[in-house]
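Below is one structure; the comments refer to it alone.
The values are calculated or read from the model by the stated rules, or taken from the named source; none is laboratory data. Bear in mind that the values here come from a model prediction, so they are computed numbers and not experimental data. Neighbour counts run over all protein chains shown; Cβ positions are idealised from the backbone, glycine included.
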Amino acid sequence: MTSWPGVDGCDTDAEVVARFDAACRSLQAHPDLAAVVRERLETRMLVAALRLRRDGAADPAPVAAWGRTAIARAIRTNWSEPTFGLGRARPWLRAAQALCAAGDHIGLERAVLTEVYRQIDRAADDHQFDFEAVALFVMRFQLIERWQRYDATRARDRLEALLQSTLAGAWTAGNATPTGAGMAGSLSQ
């Protein structure tokens, strides 16, 4: 659930949020793991909001589907602020905002993965030789593996395929914005 494939099959942002909520409920016996999952969702929300705004969304209407979390509320309330009023609490967001605005997708992904690694690392500080330590180790391993699999040529091919798919079917006639799943500001992306 902390990686992008964890939301495969989700067609709407509401489904992504519901899946994360279910994961957190299933981890009640392991609150530190639930906190990592929750923090991952919040990170996804922030990145999706940055992309929505970059793509010209004048208001945070799509954020309404993201639930009533403090992060979603901050995004809606502080839509016009570069870091949604969260720059102090989440210093990584300043760099992410600049990278997103500049269209540096690889730099943004690197910044986000670095922050997620730090989130997992902070949670791991309190665990040694227990279930949480093992689960957090696996999460870190998956993150490192994901980063190492990145290949510029494959990434470009995937981006081109996504663009062709979007242009072929996700645009409604006479509408300048994509509809449905697959939007850059979607939690499922």
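Among the numbered criteria (1) among the aliphatic types (A, V, I, L, M); (2) in a helix (DSSP H, G or I); (3) surrounded by 14 or more Cβ atoms within 10 Å (Cβ to Cβ); (4) in contact (Cβ under 8 Å) with a residue 24 or more places away in the chain, which one does Ala98 miss? Every condition holds for Ala98 apart from (4). With respect to Asp32, determine if the residue is closer than 30 Å to Val134 by Cβ and at pLDDT below 90. In short, no.
Within segment 39-77, the set of residues being within 21 Å of Ala89 (Cα to Cα) and either part of a loop (DSSP other than H, G, I, E, B) or acidic (Asp, Glu) (or both) comprises Glu39, Glu42, Pro60, Gly67, Arg68, Thr69. What residue, among those in segment 128-168 that are under 23 Å from Glu115 (Cα atoms) and β-branched (Val, Ile, Thr), is nearest to the chain's Cα centre (by Cα)? Per the stated criteria, the residue is Ile144. Report yes if Pro60 is more than 17 Å from the chain's Cα centre (by Cα) and at pLDDT below 95, otherwise no. The answer is no for Pro60.
Looking at Glu39, Glu15, just one residue is in contact (Cβ under 8 Å) with a residue 40 or more places away in the chain and more than 20 Å from Asp121 (Cβ to Cβ), and that residue is Glu15.
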